[in-house]
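Presented below is the structure to which this report refers.
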Ligand SMILES: Nc1ncnc2c1ncn2[C@@H]1O[C@H](COP(=O)(O)OP(=O)(O)OP(=O)(O)O)[C@@H](O)[C@H]1O
Ligand SMILES: [Mg+2]
């Protein structure tokens, strides 16, 4: 288990002594850069829960703590079977905690650490569940900002559960990464370029990039960009071209490879513009068809490089497409009829002159 076992032990001891009202702490589940996750029991309902307790470093940061509580409360409004539900957020003594649904199962990260390379179909069936969870969150104006294999769990029944939804991130992701120096987890393998640049107003397209990086790892067995130095990894996300996944795993279809490449475009404008159209492409590949939306964005990019501002928004509905096509047909018919009439008039004039 990562982290300093001494600190975890001390924390466990102190939490057991002082307690969190309404919960009984039973043991440690794991830890990350920001917190330690405990297994606990919610006494009122006698159910097992996971309790994430903030690290003392973050607990000292007033601004972060404020967001931790507000964002935690808004996450509690989400209700989706692929999202680990937020139960409670609060403070007990010096500890700030976030109570979540307990997931009995394993993270994708655990499978990857054992050297598993996912079959295309298996990976897509997992990723589509995460995408559906993200669709629900994005519709409720919540961006995850930390999609990675460690935050995707699979229950013993095979249901995918996205964890840490609504858990506030630090003001810049650089700060979070810097804080992890020298530790074995939390390297920025899946972070979107705009988050590296420290943009705070990132939108759902950052989650699409990280989901693409996660899928890349699952189907190729390696992270998209690797270097021992974290700063170099971040630089690679910003500037290095991606090795197409199907160059690394010849069993992959061209479709999934194209889809991942679009998910991981460096500029958010070149990615899938929302999770709904990404889901359409995942469904299409799962049915053995090409990713239609990926093709649309490639076509537009290669044929009209100056027209990025005029790009037909991919979220346009089928009905809207239908209307545009109908209008184009009517315009074509009107042109042809006018041309025929003009030719007829010319012929009549010529005949009259003769
Ligand atoms: N709801 C949950 N149910 C069961 N186990 C969980 C739950 N949430 C987290 N865990 C376990 O706790 C571990 C640590 O989670 P945590 O979110 O603290 O770390 P992380 O996601 O690796 O890093 P970060 O601090 O960047 O979020 C996970 O790897 C997982 O094994
Ligand atoms: Mg986590």
Taking residue 69, is it crowded, with 20+ Cβ neighbours inside 10 Å, more than 18 Å from residue 151 (Cα to Cα) and either assigned by TED's automatic domain parsing to the domain that holds residue 26 or within 16 Å of ligand 2 (Cβ to nearest atom) (or both)? no
Check residue 93 against each of (1) closer than 23 Å to residue 153 by Cβ; (2) touching a residue at least 40 places away in the same chain (Cβ under 8 Å) and name the one condition it does not meet. (1)
Conditions (1) touching a residue at least 12 places away in the same chain (Cβ under 8 Å); (2) farther than 30 Å from residue 219 by Cβ; (3) surrounded by 13 or more Cβ atoms within 10 Å (Cβ to Cβ) -> residue 16 fails only (1)
I'm trying to understand the selection: among the residues of the range 250-264, which are within 19 Å of residue 207 (Cβ to Cβ) and either part of a helix (DSSP H, G or I) or touching a strand residue (DSSP E or B) at 6+ places or on another chain (Cβ under 6 Å) (or both)? 256, 259, 260, 261, 262, 263
Within the range 94-104, track down each residue that is crowded, with 17+ Cβ neighbours inside 10 Å and within 15 Å of ligand 2 (Cβ to nearest atom). 97, 98, 99, 100, 102, 103
Condition check: out of contact with any strand residue (DSSP E or B) (no Cβ under 6 Å at 6 or more places or on another chain) and more than 30 Å from residue 246 (Cα to Cα). Does residue 91 satisfy that? yes
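To keep it simple, each residue is scored yes or no on (1) under 30 Å from residue 253 (Cβ atoms); (2) over 18 Å from the mean Cα position of the chain (by Cα); (3) touching a residue at least 60 places away in the same chain (Cβ under 8 Å).
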{"site": "76", "(1), (2), (3)": "no, yes, yes"}
{"site": "81", "(1), (2), (3)": "yes, no, yes"}
{"site": "87", "(1), (2), (3)": "no, yes, no"}
{"site": "98", "(1), (2), (3)": "no, yes, yes"}
{"site": "127", "(1), (2), (3)": "yes, no, yes"}
{"site": "130", "(1), (2), (3)": "yes, no, yes"}
{"site": "134", "(1), (2), (3)": "yes, no, yes"}
{"site": "142", "(1), (2), (3)": "no, no, yes"}
Residue hits (the range 105-139; within 16 Å of ligand 2 (Cβ to nearest atom) and surrounded by fewer than 19 Cβ atoms within 10 Å (Cβ to Cβ)) are 105, 106, 109, 110, 111, 113
Can you confirm whether the range 46-64 contains a residue that is closer than 30 Å to residue 220 by Cα and not in a helix (DSSP H, G or I)? no
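The values are calculated or read from the model by the stated rules, or taken from the named source; none is laboratory data. The shown structure was predicted, so the numbers you read here are calculated from the model rather than taken from an experiment. Positions of Cβ are backbone-derived with ideal geometry, glycine not excepted, and every protein chain shown enters the neighbour counts.
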